[in-house]
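Scroll down for the structure; my scribbles are underneath it.
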Amino acid sequence: MKEMKAKDPKASQMVFNKRVYYLIRTLEMARDWKLSDIKPFMSPELYTKIKQNNEYDDYYVVDLTFKKIIPTGYHVKDQIQIIDFDIVYDQLLMNPKKKIKQSKQKRHYALYKSVNALTKVNASAQAIVCPNCGANINRITEGVCSYCNASIDVADFDWVFYDAPIEMTK
């Protein structure tokens, strides 16, 4: 965190943890339903690898309970910040016959964002908007604005996946 705070003085462990939890939960749910939903939140290379290796079984993720984030490294490369970490979590899985399976996972992930993407701390909620047309950034699919088709790199605004486990977490 010290190195990250040197680049981004408003960065905090709490804000980072929230982003990590959101991204991992979204990725694991998308693996079961619609992987393309998370495409804008990872590097193109990682998306291609996960898509090629995304094998389904009968079980799907019902819930994740996060236990601990263990930072393992931070560096800046080609104007992007990269943070590596391990995360420990419990996952609850269910199959179509409603059979429940629970397992503990420890996985390695890495996130990245532009060195220019600083943490914004506001008293009120503020939407991130498309730099081209001003549409809410939440309306992006396939890495383009759904209103004007401008290419958008979410890493210009916040953390996205640089590396994640390729295999399913089942």
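Structural remarks
- Every condition in (1) surrounded by 14 or more Cβ atoms within 10 Å (Cβ to Cβ); (2) closer than 17 Å to Ala30 by Cβ; (3) of a type in the set (Lys, Arg) is met by Lys51 except one, and the failing one is (1).
- Among the residues listed as Leu46, Leu64, the single one being under 18 Å from Val154 (Cα atoms) and either at pLDDT 90 or above or among the aliphatic types (A, V, I, L, M) (or both): Leu46
- Flag if Val121 is farther than 21 Å from Pro40 by Cα, at pLDDT below 90 and surrounded by 13 or more Cβ atoms within 10 Å (Cβ to Cβ): no
- The single condition among (1) closer than 13 Å to Tyr162 by Cβ; (2) touching a Leu at 6+ places or on another chain (Cβ under 7 Å) that Tyr60 does not satisfy is (1).
- In this structure, Asp37 does not satisfy being acidic (Asp, Glu), in a loop (DSSP other than H, G, I, E, B) and surrounded by fewer than 17 Cβ atoms within 10 Å (Cβ to Cβ).
- Among the residues making up the stretch 45-61, those that are under 30 Å from Lys99 (Cβ atoms) and either hydroxyl-bearing (Ser, Thr, Tyr) or free of Cβ contacts under 8 Å to residues at least 24 places away in the same chain (or both) are Lys51, Gln52, Tyr56, Tyr59, Tyr60.
- Test: residue in the stretch 14-21 that is surrounded by 13 or more Cβ atoms within 10 Å (Cβ to Cβ), of a type outside the set (Ser, Thr, Tyr) and without any contact (Cβ under 8 Å) to a residue 60 or more places away in the chain: yes
- Checking each residue in the stretch 62-105 for being in contact (Cβ under 8 Å) with a residue 60 or more places away in the chain and within 16 Å of the chain's Cα centre (by Cα) picks out Pro71, Ile80, Gln81, Ile82, Ile83, Asp84, Phe85, Ile87, Tyr89.
- Inter-residue pairs, beta-carbon under 9 Å, first farther than 19 Å from Ile24 by Cβ and in the stretch 106-117, second modelled with pLDDT under 95 and of a type in the set (Phe, Trp, Tyr), 6+ apart: Ser114/Phe157; Ala117/Phe157; Ala117/Trp159
The values are calculated or read from the model by the stated rules, or taken from the named source; none is laboratory data. Bear in mind that the values here come from a model prediction, so they are computed numbers and not experimental data. Ideal geometry is used to build each Cβ from the backbone, glycine not excepted, and the neighbour counts take in all protein chains shown.
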